[in-house]
1. Residue-wise, which Karplus ³J(HN,Hα) couplings in Hz belong to region 100-115, taking 6.51 cos²θ - 1.76 cosθ + 1.60, θ = phi - 60°, and x for glycine or proline?
2. Quantify how much of the Cα-Cα distance distribution of the chain extends past 26 Å, in percent.
3. Ranked highest first by the average count of other Cβ atoms within 10 Å around their residues, in what order do 107-117, 60-70, 92-102 fall?
4. Could you state the angle between the C-alpha long axis of helix 12-24 and the longest principal axis of the C-alpha atoms of the chain, as a value from 0 to 90 degrees rounded to the nearest 10?
5. Using only Cα atoms and rounding to the nearest 10 degrees, what angle (0 to 90) does helix 132-141 make with the longest principal axis of the chain?
6. Need one number: nm distance between label points at Asp131 and Ala57, each 7 Å from Cα along Cα→Cβ, rounded to one decimal.
7. Rounded to the nearest 500 deg cm²/dmol, what is the calculated helix-only ellipticity per residue at 222 nm for the chain, with -39500 (n - 2.57) per DSSP H run of length n ≥ 4?
8. Provide the packing ranking of 37-44, 6-13, i.e. peptides ordered by the mean count of other C-beta atoms within 10 Å per residue, highest first.
Amino acid sequence: MRIAIASDHAAIELKAQLAGWLREQGHEVDDLGPHDGTSVDYPDYGYRLGQAIAGGAAERGVALCGSGIGISIAVNRNPKCRAALVSEPLSAQLAREHNDANVIAMGARLIGPEMAKACLTAFLSTDFGGDRHQRRVDKLSNPSL
């Protein structure tokens, strides 16, 4: 799977760990930055990740910042993105199954690398349930439905 990953400076170490692990799992990973510990603004990287998903450069995205909140808000500004902030595998699974989330967001200050990997495993291995969930997901990008 093609996966884009982005963070801010607070999550750069977790981003590097997860990008390497995803590659080991056989995924194609596009690291959208940042690439050093210099302080950056999470919206810039959230918007960049949103563009990668919306433009088809990646099938799924991983958004990381200190809490996961700010970058998930930035990603969700793109109407083609459905970023879900998760901290454990069941939320990651339900985000895919019920909400067809295409981006997983996590907080590096709140979640360790092993739990982040468990969340990613659940997120990447779960299919969208469709059926009754589809009309709700359609409304996420088009509130007038």
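Values in this text are rule-based calculations from the coordinates and carry no lab data. Please read these numbers as outputs of a predicted model, since none were measured by experiment. In this analysis, Cβ positions are derived from the backbone assuming ideal geometry, glycine residues included, and neighbour counts consider all displayed protein chains.
1. Values, residue by residue: 6, 4, 10, 9, 9, 10, 9, x, 5, 7, 10, 9, x, x, 5, 5 Hz.
2. Summing the P(r) of the chain above 26 Å gives 15 percent of all pairs.
3. Details: 107-117: 16.6, 60-70: 24.5, 92-102: 20.2.
So the order, starting with the most tightly packed, is 60-70, 92-102, 107-117.
4. 70 degrees
5. 60 degrees
6. Label-label distance for Asp131 and Ala57, simple model: 3.7 nm.
7. Working: 6 runs with 67 residues, N = 145.
My calculation for the chain gives -14000 deg cm²/dmol from helical runs alone.
8. 6-13, 37-44
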